[in-house]
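Beneath this line is the structure, given in structure tokens, with notes to follow.
The values are calculated or read from the model by the stated rules, or taken from the named source; none is laboratory data. For clarity, every value in this text was computed on a predicted model and none was experimentally measured. As a convention, Cβ positions derive from the backbone with ideal geometry for all residues, glycine included, and neighbour counts pool all protein chains shown. The area values use the complete protein model at the heavy-atom level, side chains included, leaving out ligands, DNA and RNA. Shrake-Rupley method; radii C 1.70, N 1.55, O 1.52, S 1.80 Å.
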Amino acid sequence: MNKVLGVLSLACVLLLAGCKAADKRADIEKEVEEVLAQMTLDEKIAVLHAQSKFSARGVPRLGIPELWCDDGPHGVRPDTFWDKWASAGQTNDSCTAYPSLTCLAASWNRDLAYRYGRSVGEEARYRKKNVLLGPGVNICRTPLNGRNFEYMGEDPYLAGELAARYVQGVQSNKVAACVKHFALNNQECHRMDGNVNVDDRTLYEIYLPAFKKAVQQGGAWSIMAAYNQYDGAFACHNARLIKDILKGEWGFDGAAISDWGGVHDTEGAARGGLDIEFGTAGAYNDYYLAEPYKARIVSGELSEDELNDKVRRALRLNFRTRADGYSGSFLSPEHTADSRRIGGEGIVLLRNNGVLPLAGNARKIVVLGENAIRPMVVGGSSSSLKTQHEISPLQGIRDAFPEAEVVYCRTYYSGMPTPGSYNYSQYDITETRPAGELLTEALAAVEDADYVIFVGGLNKNETQDCEGEDRLSYELPFGQNAIIERLAAVRPDLVFVNISGSPVALPFAEKVGAVVQAWYLGSETGNALADVLSGAVNPSGKLPFSFPVSLEEGPLKTERQYPGSADEKGVWQVYYEEGIYVGYRWYDLHGGVQFPFGYGLSYTTFEYGQAKASAKVMKDRLTVSIPLTNTGDRAGAEVVQLYIADEEASVDRPVKELKGFEKVWLEPGETKTVSFTIGRDALSFFDASRHEWVAEPGVFKALVGASSADIRSEVEFRLK
Ligand code: GLC
């Protein structure tokens, strides 16, 4: 009886919550209509474009407040001046810096994604922002893309699952997420003008799903339209993307915001479905959706109904993000702990011959490499932050091993100053000694060390994982490969820590003791890294994108595909001729990958049992389950991945596609059964000729594994 009462009362609570939310929505809609009816044409126009770098007007006469946006996906950007990009130099905006979104993606943890969003959203709320300009969910199509570090990998299912939760987390603070950059912004080279040519099936199967899930499951209140062109129209004016797909097919009721400076034409923006214009050059009244738009409304050239729809969406965004007395929180110990936890869960152990975890009684640890001391919270351009503290890898190792003598040698010098316009004088990373001397010093220091840890990688300076331009090479920069070869010759147990937000070539991986993929980890970098190196945290990260052996092994074979080239009219054209074969979808067919999508080691070991399907023939749903055992001597987490293979497709399909994952924590010796319930959507491909998703009857396989290249068990079933 108690159980029944319990279930009933839970149902009532949920029903009540649902009703309350529905009431809230109804109240907002009612207020939108009431305010809209009172607004003058000038007031309507005013809410559709910026009044400063990061704000749009409200309706002062009616007591509607301004709308404030701020970057970025990894933390709340310090304020710029009203109308200048330079930092305003305030003393109240040093934030908690969270790990980059590639790190969150590498955690494969939905709950953590929600927690991340909620945490960074609390900081945005405290800083009185209505809109947080993130998450970025553009698919990693090339390792060279300058902004991979801000995005969530090469697979639309993984990116979508985590982005949806991040959005829900941010918006739980009544701060709007702004999912970006919609769509097809997969490179920085010619990002402001490049026209992407891509077939519909690829668009719908690879480049849209993460946005769709962020809207339909995440409930995103705003979307940022990208700079680039698609099908000959700028994304900020692209009626197909914004009106037909986003608002039409997906039912998006939020506001479509332009990327900063992404609008080029009044009629395009008005008719293309854009709602709010930011970042255009020149006076705010001259914005395309300002006076020029008003003139066309007055002349009757553009419709008042269309205008009113934009104003409704701007008001809805404004009303949804009212504080109502809630003020979030900022720089709290909880946020610092969140940042550290996300870092520890996202770090990926790529190789370990047993040298890790470091023994607690280590006597001498030698730490090498510029990235052991380099501030990484700055750099990368718009996602750059000013943080209250940033624990360097060196500091984190020192704090984790207080008894050990921790010696630091620079070993290499990037020659790139600390980026960003913030005063980072306390980080003096200049170096005057010649490269040879740096190496000599390191070689001498490592001789009698218990452990040697080299912290290298990229550094978020120009061409080194930075918005605005792509990387120039897939190789590690600053001579690191040669240096590692020299060091590994004397210390083959060397631990290489790669700090990057993109895949890089790791030619020496087999010559060192361990390789750790550490992302840009934010304020708690050194602590999160030391947690994993010391074993305080058992690494559980899995790669959100493939590490090919070289670029040549990848799907982008021609200049047309990447970076593109100018056509006869001088328009930059990029052709996605690889179609859906991006990332592991390509490497499954062609090989050439050094570390595969979904790969990551642990300090313990896991054993997979036999996968079972709930039925031999699937009608609408099917459950695949598999026992998983921790066969090692240390608690740990494993990300069990479910891939689906269509064995009898009438069209070309990838060998397999990710359609489920579960992160499971197990004590030593513990076994849990992991289950995945899938629907027909997990079996479907997009049939562009019919413009619909199709699940063809026939034989399918559920492949369950520890990575895309390590399937441990499979089970066949038929779709009716
Ligand atoms: C930048 C970026 C975008 C950012 C915006 C505001 O150019 O493309 O991600 O949110 O402008 O800084």
Taking only DSSP H segments of four or more residues, each worth -39500 (n - 2.57), what value at 222 nm results for the chain once the sum is divided by all its residues, to the nearest 500 deg cm²/dmol? -8000 deg cm²/dmol
Of the DSSP beta bridges with both residues in the range 333-545, give the percent that are antiparallel, rounding to the nearest 5. 20 percent
Write down Rg/Rh for the range 333-545, rounded to two decimals, with Rg from the C-alpha atoms and Rh from the Kirkwood relation over Cα pairs. 0.93
Residue-by-residue Karplus 3J(HN,Hα) for the range 94-107, coefficients 6.51, -1.76, 1.60, Hz, glycine and proline x: 8, 9, 7, 9, 9, x, 5, 5, 4, 5, 4, 4, 5, 7
Within 10 Å, count the other beta carbons around each residue, average over each peptide in 78-84, 156-162, 130-136, and list them highest first. 130-136, 156-162, 78-84
Percent of alpha carbon pairs in the range 202-316 separated by more than 20 Å? 38 percent
Using the crude model of +1 on Lys and Arg Cβ and -1 on Asp and Glu Cβ, and no other charge, please compute the dipole size for the chain relative to its Cα centre, in debye to 20. 1680 debye
Counting pairwise Cα distances across the range 1-155, what percent come out greater than 21 angstrom? 65 percent
Looking at the square roots a ≥ b ≥ c of the eigenvalues of the Cα gyration tensor of the range 614-672, which shape do they give, rounded for a/c under 1.5, prolate if a/b is larger than b/c, or oblate? prolate
Distance between the range 178-250 and the range 473-525 - C-alpha centres, whole angstrom: 35 Å
Highest average packing first - 451-457, 27-33, Cβ atoms within 10 Å: 451-457, 27-33
Under 5 Å, built H, 5+ apart or other chain: amide partners of residue 195: 229, 572, 573, 574
For a quick check: with amide H placed at 1.01 Å from N, whose amide H comes under 5 Å from residue 674's, ignoring anything fewer than 5 positions away on the same chain? 626, 628
Residue-wise, which Karplus ³J(HN,Hα) couplings in Hz belong to the range 486-503, taking 6.51 cos²θ - 1.76 cosθ + 1.60, θ = phi - 60°, and x for glycine or proline? 5, 5, 5, 4, 9, 9, x, 9, 3, 9, 9, 9, 9, 9, 7, x, 9, x
Per-residue HN-Hα couplings for the range 320-326 [Karplus 6.51, -1.76, 1.60; θ = phi - 60°; Hz; x = Gly/Pro]: 5, 10, 7, 5, 6, x, 8
Given C-alpha coordinates of the range 506-632, what is the ratio Rg to Rh with the Kirkwood estimate of Rh? 1.09
Per residue accessible area in Å² of the range 604-719, where ligands, DNA and RNA are left out and the probe is 1.4 Å: 44 Å²
Which one of 651, 605, 512 is farthest out on the positive end of the charge dipole of the chain, using unit charges on Cβ (Lys, Arg +1; Asp, Glu -1) and the Cα centre as origin? 605
Extension reserve of the residue 511-residue 671 stretch, reckoned as 0.36 nm per residue once the Cα distance is removed: 54.1 nm
Please state the charge dipole magnitude for the range 333-545, taken about the Cα centre, from unit charges on C-beta atoms (+1 on K and R, -1 on D and E), reported in debye and rounded to the nearest 20. 200 debye
At a 1.4 Å probe radius, carbon and sulfur cover how many percent of the accessible area of the chain? 52 percent
Kirkwood hydrodynamic radius, the range 604-719, all distinct C-alpha pairs: what's the number in Å? 14.9 Å
Cα-centred dipole magnitude for the range 45-120, charges only on beta-carbon of K, R (+1) and D, E (-1), debye, nearest 20: 160 debye
If you take the Cα Rg of the chain and divide it by 2.2 N^0.38 Å, with N the number of residues, what do you get? 0.96
Show me the ranking of peptides 371-378, 86-93, 226-233 by mean Cβ neighbours inside 10 Å, starting with the highest. 371-378, 226-233, 86-93
Can you list residues whose amide H is under 5 Å from residue 58's amide H, if they're 5+ apart or on another chain and H is modeled 1.01 Å from N? 66, 67
